[in-house]
1. Take the residues in the range 336-346 that are open to solvent by less than 50 Å² (accessible area, probe 1.4 Å) and more than 10 Å from the ligand (Cβ to nearest atom); name whichever of them is farthest from Gly165 (Cα to Cα).
2. Between a residue in the range 475-487 that is among the β-branched types (Val, Ile, Thr) and any residue that is open to solvent by less than 50 Å² (accessible area, probe 1.4 Å) and outside any loop (DSSP other than H, G, I, E, B), which pairs come within a Cβ distance under 8 Å, given they are 6 or more apart or on different chains?
3. Mind listing just one residue for me: the one in the range 449-462 that is under 28 Å from the mean Cα position of the chain (by Cα) and open to solvent by less than 10 Å² (accessible area, probe 1.4 Å) and, of those, nearest to Gly134 (Cα to Cα)?
4. Do we have Ala203 as part of a loop (DSSP other than H, G, I, E, B), hydrophobic (A, V, I, L, M, F, W, C) and within 16 Å of the ligand (Cβ to nearest atom) here?
5. Restricting to the range 238-272, name every residue that is part of a loop (DSSP other than H, G, I, E, B) and away from the ligand (no atom under 15 Å from the Cβ).
6. Within the range 41-50, identify whether any single residue is crowded, with 18+ Cβ neighbours inside 10 Å and part of a helix (DSSP H, G or I), and answer yes or no.
7. Could you look through the range 273-307, keep only residues that are surrounded by fewer than 19 Cβ atoms within 10 Å (Cβ to Cβ) and assigned to a loop (DSSP other than H, G, I, E, B), and pick out the one that is modelled with the lowest pLDDT?
8. Collect the residues in the range 206-234 that are farther than 25 Å from Leu276 by Cα and either open to solvent by 30 Å² or more (accessible area, probe 1.4 Å) or away from the ligand (no atom under 13 Å from the Cβ) (or both), keeping them in residue-number order.
Amino acid sequence: MTESWVNSAERIGADLHLELSGPGGRRATLTRALREAVRSGRLAPGTRLPPYRSLAADLGVARNTVADAYAELVAEGWLTARQGSGTRVAMGVPPTPFGQSGRAEPPRHAVRTPVKPVKAPPRARGPRHDLRQGAPDASAFPRAAWSACYRRALQQAPSEAFGPGDPAGRRELREALAAYLARARGVRTEPDRIVICSGFAHALRLLFGQGAGGVLRGPLGVEAYGLDFHRGLLVTAGVRTVPLPLDEHGARVDVLGRQRAVLLTPAHQFPTGGPLHPERRAAVIGWARARGAVVLEDDYDGEFRYDRKPVGALQGLDPERVIHLGSVSKSLSPALRLGWMVLPERYVGPVLAAKGEREAWASVLDQLALAEFIVSGSHDRHVRRMRQRYRHRRDRLVAALAAHAPQIEVTGIAAGLHAVLRLPPGTERSTLKAAAWQGVALDGLAAFRHPEAETTAGDGLVVGYATAAEHAYGAALEALCGVLPPG
Ligand SMILES: Cc1ncc(COP(=O)(O)O)c(C=O)c1O
């Protein structure tokens, strides 16, 4: 006998690889192989072994041979046999560390050697009041609807879906997104112009990464305020970013010059909160056409507008000049890591080349579930529900400030998952300190300012009103009002 890969254990949930070699008869060989598997830790304490009959059939030996081998190992203390729970690897058998041969001594028994508990490293506790921007209400993830869609997607998926994934993304999802984005965001596209990715950050990496020569190059115009994390990604990719000043009409696109591309948040400037003025929307498209440049539209929270219907995507003005980027990070959860790039035709090939031969980032099964989530109407229902919830949260924030800190103004449009509170000049740092003392986590505007920005948006707080769970939000607001500076 040589090696054997035993399948009989499948019914009890474990494959069994046994080295059936060496001197002696079948019983001795099998006993030695099992002992070695336990001793080395390949068969973990508590693992249930296959019943005699199935292991005997798989190995082509008599049932008694298996029964005798098990009995011997039970007697030695390597295995335990109990009526009703079959034969298992004894608890407390210390495996020989990998790489050490060690002698095959029987354990000083499953003798319940007290196992010294290994202490998990301490985990950072979350803040008492979480008003950080960036996340939807995690407690509102639509677990039931998502799992129903996931189940349906799994049941209906053709077998080829379980093979390597197309780097463009599943067609089902690209079709669902093309229809959804046209209907809800005014995006003009077709499934073949959509490439699925694992979110906005991944899209930036694909567009500006060095792999496949890079799809786009800097210098890149960016808004003077934005996420430091995204700027960091660009710096890592060697892209020079040029900050565009912001005023009450949004980014000053009139100062764009020789940049090859510009990255904007037109629906709701992140984080200052204004929309890009219609004239500037037209102007930036005019600039891109004149210079052969491209506009990257970060539509991170476009579904969430509370005072009116959301303004349509900039991409609708010129699908050949705008790359529209979206993800489920605000609408559903940043944990899913699913996003999309809606591309002008000339970029589809280069982006696919940057992605590689097969899907390596976005789980195909999650893609199918999201397609089902959109097509079944669950996505619309969820977004509408969250829109109401976040609108209510924003109203509560405004009302709390009016009642307890009327000197503090909320700026920006009623949209998204965060608001900016304008602070008296010179008070941002001390307010953040006071907030930290009271267990209130939130950011100041300064954290978002481009290091080379020539203008400043002044002192302010960026309040993420979606992050806290519903039951915790009232206390968070109260704590916030308690740390705001007097007028
Ligand atoms: C400004 C901005 N853009 C894009 C995103 C989405 O990023 P991602 O899709 O990588 O989670 C976020 C965060 O959700 C954001 O704050």
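The values are calculated or read from the model by the stated rules, or taken from the named source; none is laboratory data. Being a predicted model, the structure only gives us computed values, none of them experimental. A quick note on method: Cβ atoms are made from the backbone with ideal geometry, for glycine too, and the neighbour counts reach across all protein chains shown. Quick note on the areas: whole protein, heavy atoms, side chains included, nothing else; ligands and nucleic acids left out. Shrake-Rupley method; radii C 1.70, N 1.55, O 1.52, S 1.80 Å.
1. From the range 336-346, those open to solvent by less than 50 Å² (accessible area, probe 1.4 Å) are 336, 338-344; that's our starting set.
Subsequent filtering for residues that are more than 10 Å from the ligand (Cβ to nearest atom) retains 341-344.
Numbers: Met341: 17, Val342: 19, Leu343: 20, Pro344: 23 Å.
Only one residue tops the list, namely Pro344.
2. Val483/Thr431; Val483/Ala434; Val483/Ala435; Val483/Val440
3. Val462
4. Details: part of a loop (DSSP other than H, G, I, E, B): no; hydrophobic (A, V, I, L, M, F, W, C): yes; within 16 Å of the ligand (Cβ to nearest atom): yes.
No, not satisfied.
5. Initially, the range 238-272 is screened for residues part of a loop (DSSP other than H, G, I, E, B), giving 238-240, 245, 248-249, 252, 256-260, 265-272.
Gly238, Val239, Arg240, Pro245, Glu248, His249, Arg252, Leu256, Gly257, Arg258, Gln259, Arg260, listed by residue number.
6. Taking the range 41-50 as the starting set, the residues that turn out to be crowded, with 18+ Cβ neighbours inside 10 Å are 43, 45, 47, 49-50.
The next check asks that each one be part of a helix (DSSP H, G or I); those that pass are none.
Checking the range 41-50: not a single residue is crowded, with 18+ Cβ neighbours inside 10 Å and part of a helix (DSSP H, G or I).
7. Out of the qualifying residues, it is Asp307.
8. Within the range 206-234, the subset farther than 25 Å from Leu276 by Cα is 206, 209-215.
Listed by number, the residues that qualify are Gly209, Gln210, Gly211, Ala212, Gly213, Gly214, Val215.
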